[in-house]
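Here the structure comes first, spelled out in structure tokens, and everything after it is commentary.
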Amino acid sequence: MLGHIGLILGLVLLITLALRGVNILLAVLFSVLVIGLTNGMAFQAIFLEYFPFGASGAFTFAGNFLLLFLCGALFGRIMAASHAAQGVAMGITRRLGAKRALLIAMLVCALLTYGGVVVFVVIFTMYPIGVTLMKEANIPRRLYAAAIALGAGTFTMTALPGTPSIHNVIAARSLGTDLFAGGWLGLVAGVLMAVLGMWYLERQWRLATAQGEGYEATPKDEQMAALAASDGQSLPTLRKSVLPILLVLGMIALPRVLLMSGVQADWIQFALTQPVLWASFALLSGTVFCYLLFPPVRKHFVRTAGQGADDALLPLINTAAVIGFGGVVIQTAGFHGFAAWLLELPLPPLVSVFLSANLISGITASASGGLQIFMSSLAPAYLDAGVAPEILHRIANLAAGGLDSLPHSGAVIALFTLMGLTHKEAYRDIFVVTVLVPLLAALVVVALAMLFWA
């Protein structure tokens, strides 16, 4: 009983401290201490084993993703210094209009993530573009951040069939399905998330405008603006500016396309089995392409690259800390008892899937981490209960993408850190588009599955 209470107290403490603006690393360490001690863990095991070096440890995550964060931050900085980010933002805004800036942000993020770019890289890519978009359209920073979260962390992550996201891959490998499993259900959920999320953001933008709220620059924005300043030169065209992004997307998608075409090669297998390294290489190639394509970036390339490296560190550390929190949680007796309790609840199987995948992802603050735990510990019981693998695949994915975005989510922390936001300023909008809307979409899909496939 004490272990269960400690688990709840630690989670509540972490969320409360995050919402109050306490440094996320300090908040995580305090919360981990509460959880570990109430679950009978040795002090040294908490801080020298499970938190830093466990399978889901902070340093384990940081070591695995350092290169990706670094290359993503470099690409973002060089896109700004080359004026390409400003060229993309201004070109799209001229064609679609500043009034559609939030829609533009969501669609670009969706395109990137559906093309295989991980959410952390999308955050780095969209920030320099967003500095110009927010300024031109007078968008409050909190709403632009929510548009990024909607496009990168909802329907392309868990709903759309065929998405190469890690969540879709985890389910496919665990259940023996393919990436298009439960396709119609995923399409319904994806449309609901996109439409409802964008409706909310557009409504909030109108209300903010009526109240005189708009874009406010930060010192980091000024740095990006200085990098993107044209120095009296005309900005590159949209067609030219978007080439580095297309190169990155094309390199990520190429191995998958070639494999589907029947082409076999060692480098293709390497690219498909090493997504972090391949995505990092694609981003680095995009950075080099920017250097070759746009002369302005060459003036201060070394200094700009150093600033990009600095940009990567704080988001990586904060995100790793939250991942380490989940690494401690999954080692507790309280968590394993909680998982057993979920299976014993007298609920219809699909409703139970929705509830259990959501709660596990919420506790671990990770859709991928929660889904991995769900698939290894709970999925076999649902298959034995008669749930079709394809239906389980899609509903578990959708459910894992709900409560994973609570205030202690690593992706939320990374987004806020990069954009200079606090939970108090911006979390409400993130909560609506990445928690409430996905929960509603998943419930609709559960009802449809029970009606037509049960």
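The values are calculated or read from the model by the stated rules, or taken from the named source; none is laboratory data. Just so it is clear, the model here is predicted, and its values are computed rather than measured. We place every Cβ from the backbone using ideal geometry, glycine too, and count neighbours over all the protein chains shown. Remember, those area values only see protein heavy atoms, side chains included, never the ligands or the DNA or RNA. Shrake-Rupley method; radii C 1.70, N 1.55, O 1.52, S 1.80 Å.
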Quiz prompt | Axial C-alpha extent at least 20 Å, average Kyte-Doolittle at least 1.0 - helices from the chain (DSSP) | solution = 2-19, 24-38, 58-81, 119-137, 243-260, 275-293, 349-364, 437-452
Exercise. Please work out the FRET efficiency for the pair GLN269 and LEU187, using the Cβ-Cβ distance as r and a Förster radius of 30 Å; give the result to the nearest 0.05.
Key: 0.50
Practice problem: Answer with one residue from LEU111, SER280, LEU359: the one whose Cα lies farthest towards the positive end of the charge dipole of the chain, charges on Cβ with Lys, Arg +1 and Asp, Glu -1. | Solution: LEU111
Quiz item: Size of the stretch 163-203 along its principal axes in angstrom, Cα-based, largest extent first?
Solution: 42, 19, 11
Quiz prompt | Over the chain, equivalent-ellipsoid semi-axes from the Cα gyration tensor in Å | solution = 35, 25, 22
Quiz item: For the chain, which whole-number percentage of the solvent-accessible area (1.4 Å probe, protein heavy atoms only) is attributable to carbon and sulfur atoms?
Solution: 68
Quiz item: What is the extension gain from GLU136 to LEU19, computed as 0.36 nm multiplied by their sequence separation minus the C-alpha to C-alpha distance, in nm to one decimal?
Solution: 39.1 nm
Self-check item: Length released on extending from GLU213 to ARG303, taking residue separation times 0.36 nm less the Cα-Cα span
Solution: 28.9 nm
Self-check item: Listed residues TRP341, PHE51, TYR291: farthest to the positive end of the dipole of the chain (Cβ charges)
Solution: TYR291
Exercise. Show that you can apply the helix-only estimate: for the chain, add -39,500 (n - 2.57) for every DSSP H stretch of four or more residues, divide by all residues, and state [θ] at 222 nm to the nearest 500.
Key: -24000 deg cm²/dmol
Quiz item: Which Rg and Dmax, in Å, describe the Cα atoms of the stretch 224-335?
Solution: 19.4, 63
Quiz item: Hey, with R₀ at 25 Å, roughly what FRET efficiency would LEU313 and PHE30 work out to, going by the Cβ-Cβ distance, to 0.05?
Solution: 0.65
Practice problem: Have a look at LEU378, VAL433, TYR215 and report the one farthest towards the positive end of the charge dipole of the chain, computed about the Cα centre with Cβ charges (Lys/Arg +1, Asp/Glu -1). | Solution: TYR215
Quiz item: If the chain between ARG95 and ALA333 were fully stretched, how many nm would it gain, using 0.36 nm times the residue separation less the Cα-Cα distance?
Solution: 80.1 nm
Self-check item: Rh (Kirkwood; distinct C-alpha pairs) - the stretch 1-91, Å
Solution: 15.8
